[in-house]
Ligand SMILES: [Ca+2]
């Protein structure tokens, strides 16, 4: 889809090309009115370059205030197709599954407050874009969330959508990961009707990037390499946990040996004692081992529980080779039984 804001052209063609041959996205033959015009591409047009050119008219000026292009990276699949779907209630046999079966029928809830529809992707995914075709042309706000469980109280908001057209396209915040995607109509006594939901993303890379990789610590009581030995055993005496001396701002660094976009860090705390040592963790990702070009991935408030394995999502767009974990304070001990790092070499995930 291409959106032209306050343009004045008429008789123009929109093409997409590279690396494929030129394909016609749309031909516009009527004059655009002042304001915004939305032009849908014919289905299946692909390319990395978009050209807008006037046709059949000589000696004219092409004036465009803003051009926006919406689409989906080719590498991503519709991961919602034929997956298991549920909804807060079902009206008139319009079951939740109808929204992911590729057919024309629609899912629909009964009249209720904050009605919702949800799909189980069957495993943890990185969610990039959600496209919803609504069954009703009503106004309202739809909240799109990504969660780890059916009724995950810690669902992360992916984005919200002001319902204006029948079609919703939502780009999720980079790095949004989860198994369940839920749409909630944030209105009272309303029906949520969705005819098609497409979710573009990919399964979370199940490869732990950190396992077996080099790790170093600011000081050593137990070797840093135990934090990346692949064992999540939480017995500190079991030779699977790393530990620093008591010192100022103790830290542990994992060298992933290549640059990645970091999506999630998983940290396992020791389980034999001293859970509170692992508190207010700061996680940074850097391009070089000396911490240069560092980006903040996450700060975890409070301390991990005894033996807890905590999944910590990175903020959007953090890239680098070195993961640095620090416990701030004048006299602290950093003890970690395992660090798992998940990410992607995809680099520029949201090119559009
Ligand atoms: Ca370990």
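The values are calculated or read from the model by the stated rules, or taken from the named source; none is laboratory data. Here the structure is a predicted model, which is why all the values come from computation and not from measurement. Every residue, glycine among them, receives a Cβ derived from its backbone with ideal geometry; neighbour counts consider all protein chains shown.
Here are some notes:
- Scanning region 278-290 for residues that are surrounded by 15 or more Cβ atoms within 10 Å (Cβ to Cβ) and more than 16 Å from the ligand (Cβ to nearest atom) yields 279, 281, 282, 283, 284, 285, 286, 287.
- Considering only residues in region 229-268 that are within 12 Å of the ligand (Cβ to nearest atom) and at positive phi, the one that is nearest to the chain's Cα centre (by Cα) turns out to be 230.
- Output for region 309-318, where each listed residue is within 20 Å of the chain's Cα centre (by Cα) and in a strand (DSSP E or B): 310, 311, 312, 313
- Residue among 170, 211 that alone is part of a strand (DSSP E or B) and either in contact (Cβ under 8 Å) with a residue 24 or more places away in the chain or more than 15 Å from the ligand (Cβ to nearest atom) (or both): 170
- Hey, residue 219 within 14 Å of the ligand (Cβ to nearest atom) and more than 21 Å from residue 300 (Cα to Cα) or not: no
- Residue 150 being out of contact with any helix residue (DSSP H, G or I) (no Cβ under 7 Å at 6 or more places or on another chain) and either at negative phi or not in a strand (DSSP E or B) (or both): yes
- Criterion (in a strand (DSSP E or B), without any contact (Cβ under 8 Å) to a residue 40 or more places away in the chain and either over 24 Å from the mean Cα position of the chain (by Cα) or not assigned by TED's automatic domain parsing to the domain that holds residue 330 (or both)) met by exactly one of 302, 291: 302
- Search result, residues across region 319-352 that are under 27 Å from residue 276 (Cβ atoms), away from the ligand (no atom under 16 Å from the Cβ) and either at pLDDT below 95 or assigned to a loop (DSSP other than H, G, I, E, B) (or both): 327, 328, 329, 330, 331, 333, 342
- For the condition in contact (Cβ under 8 Å) with a residue 60 or more places away in the chain and either away from the ligand (no atom under 16 Å from the Cβ) or in contact with a strand residue (DSSP E or B) (Cβ under 6 Å, 6 or more places away or on another chain) (or both), residue 275 does not qualify.
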